[in-house]
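Worksheet: one structure, shown below.
The values are calculated or read from the model by the stated rules, or taken from the named source; none is laboratory data. None of these values were measured; they are calculated from a predicted model. Reconstructed Cβ throughout: ideal geometry from the backbone, glycine too, with neighbour counts over all protein chains shown.
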Amino acid sequence: MAVKSAERVFQIFELLENSSNGMTNKEISEALKFAPSSTLGILQTMLDYGYLMVSEGKRYSLGGKLVRLGDIAASRFDIGKMSAPYLKYLMNTLKETCFLAVLSGDEIVYIAKERCEQTINTNANIGSRKPVYCTGLGKSFLAFLPEKESKEIIDQIDFEEYTHKTVKNKEDLEKQLEEFREQGYAIDDQEIEEGLWCAAVPIYDGSRRMVAAISVSGPIDRMIPKKEKIIQELLNTSKCMSEQLGYHKEEKRI
């Protein structure tokens, strides 16, 4: 059963998260439809414990203690373990092999895998590395990292041809990435291994930074007929995993 006072504390945290200049007691009360007197009591308690700070103009904002707690939580969090039930769900739902990878320089590193027995053999195993430019996971990073970071990686790529479909130059790669940004997911259509088709999506953390990517891959003749389902399941899983890492999508302001 939810405790009302605890719920209010979390609502205040989430409200102040999106307020760069802080908010007064009145503004917080009106936004959350709380009584000003009870809101002031909660704010003062959060202030006393270091979870909020207040300016001379009586504007409340998130306090320094949250930074320390966030660092501790991040240091103890294992995204590989966290991803396990999600990858297992995807594998059981889609009957294809699923991966989680992180970025390391101009390569991706596989850190989790849920293998489907009926898939084709692949040399993508936990701990192995692959290029960013011709893998779905890698292209997901290039598409959804901040533009400056993506460009720095692309400028260093030495394009090697793995199959006849491997992207061959920077210009073609950038065209692909623009399409991936618009659709919200990346594709590897037999670029790293013949006959293998892969879709990948980004995973974000609480600072809205991409920290990992997940993918589903399998034989192209099996993957294409269920492409829409694959993409939808991947996007739903990306949303759930990102939210578990503290990500909240920033709303566009009109």
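Scanning the stretch 1-35 for residues that are more than 31 Å from the chain's Cα centre (by Cα), over 23 Å from H248 (Cα atoms) and loosely packed, with under 14 Cβ neighbours inside 10 Å gives K26, A35. Answer with yes or no whether D172 is outside any loop (DSSP other than H, G, I, E, B), buried (at least 16 other Cβ atoms within 10 Å of the Cβ) and of a type in the set (D, E). Here the answer is no, as D172 does not meet what is asked. Looking across the stretch 194-211, just one residue is among the basic types (K, R) and either surrounded by 17 or more Cβ atoms within 10 Å (Cβ to Cβ) or on the phi > 0 side of the Ramachandran plot (or both), and that is R208. Taking (1) touching a helix residue (DSSP H, G or I) at 6+ places or on another chain (Cβ under 8 Å); (2) part of a helix (DSSP H, G or I); (3) more than 29 Å from E243 (Cβ to Cβ) in turn, M46 satisfies each apart from (3). Residues in the stretch 167-208 that are under 20 Å from the mean Cα position of the chain (by Cα) and of a type in the set (A, V, I, L, M, F, W, C): L177, F180, A186, I187, C198, A199, A200, V201, I203.
When S38, S20, S5, S29 are screened for being outside any helix (DSSP H, G or I), more than 30 Å from G218 (Cβ to Cβ) and of a type in the set (S, T, N, Q), only S20 passes.
Looking only at the stretch 30-61, how many residues end up being farther than 14 Å from A6 by Cα and β-branched (V, I, T)? Final tally of qualifying residues: 1. Can you name every residue in the stretch 3-54 that is on the phi > 0 side of the Ramachandran plot and in contact with a Phe, Trp or Tyr (Cβ under 6 Å, 6 or more places away or on another chain)? The answer is G22, and nothing else. When the stretch 37-60 is filtered for residues that are touching a Leu at 6+ places or on another chain (Cβ under 8 Å) and over 16 Å from F10 (Cβ atoms), the ones remaining, listed by number, are M53, V54. Quick check on my filter: what residues within the stretch 60-85 are at pLDDT 75 or above and over 19 Å from M46 (Cα atoms)? Result: D78, I79, G80, K81, M82, S83, A84, P85.
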